[in-house]
Amino acid sequence: MSKFNFNQRIHKLKTSGNFKFKNIDHQLHYLLRKFESEKKHKGYYPKFKQGDIVFVDFGLNINHEFSNSHFAIVLNHNDSNKEDIINVVPLSSKYNPKYLKINIDIKIKYIKNAINTLNDKKKEYEKLLKELNEFNPYEMSDEEVQLKFTEFIKWKNASSPKINKIDKDVKKTEDAIEKLKNLNNQTYACVNSFQPISKFRIKNIYPKEISNVSVDTLTLLAIINKINLDLLSLPKIE
């Protein structure tokens, strides 16, 4: 048995009744996987714009430090694909006197993107269906069927991967909409917990087409001024 008694201590925390430690074993496993992936990383990171909303695994931290997974707003102005560290402000749906209420309904923004994605997939389906109808054998003579058969096989081979991808994209979008139902409508910026994070902590919980959500410049200025006022005591930015 290890002198550190890791398994016993993890089990004790997991069964302590403290919600923070409910999934401590999964969180530690996730952290180990991230450590292991560092060796394989090629040094190319996703690039974000200031105001982008991302989903961050802040991890399991000490006492009242911000923990677990939350949406967050990117504050960096000039991010790049070579930069691993970005600064973010976590978001919460719960009121706290230290938080800043912001005028954004994340749920509605994501749902609009999801609906637009489904409409795009519907158009792709309709385009393929129109192409398929051109091979309708009931409207062709026997000679035409024979001539079109080879052409149809080529179309089928080329279209099958497209159809499979559309099916997968629709399924992912439908799954995302189910997850979105659990989001609350009110949003607060946790300005007292703004912090630098590794991009390794950012999780892709929705398809790319749906995840493209951001806040406007006025909201960003309000957040930055609140951070300045509460934590840094810098002059207000206009």
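The values are calculated or read from the model by the stated rules, or taken from the named source; none is laboratory data. From a predicted model like this one, the values you see are computed outputs, not experimental measurements. Virtual Cβ from ideal backbone geometry, glycine too; neighbours counted across all protein chains shown.
Of the residues making up region 178-236, those that are modelled with pLDDT of 90 or more, under 21 Å from ASN96 (Cα atoms) and loosely packed, with under 14 Cβ neighbours inside 10 Å number 1.
Tallying residues that are surrounded by 17 or more Cβ atoms within 10 Å (Cβ to Cβ) and assigned to a strand (DSSP E or B) within region 30-72 yields 8. For ASP25, the criteria (1) surrounded by 13 or more Cβ atoms within 10 Å (Cβ to Cβ); (2) under 21 Å from the mean Cα position of the chain (by Cα) hold in every case but one, which is (2). Within region 1-21, restricting attention to residues that are charged (D, E, K, R) and at pLDDT below 85, the residue that is farthest from VAL88 (Cα to Cα) is LYS3.
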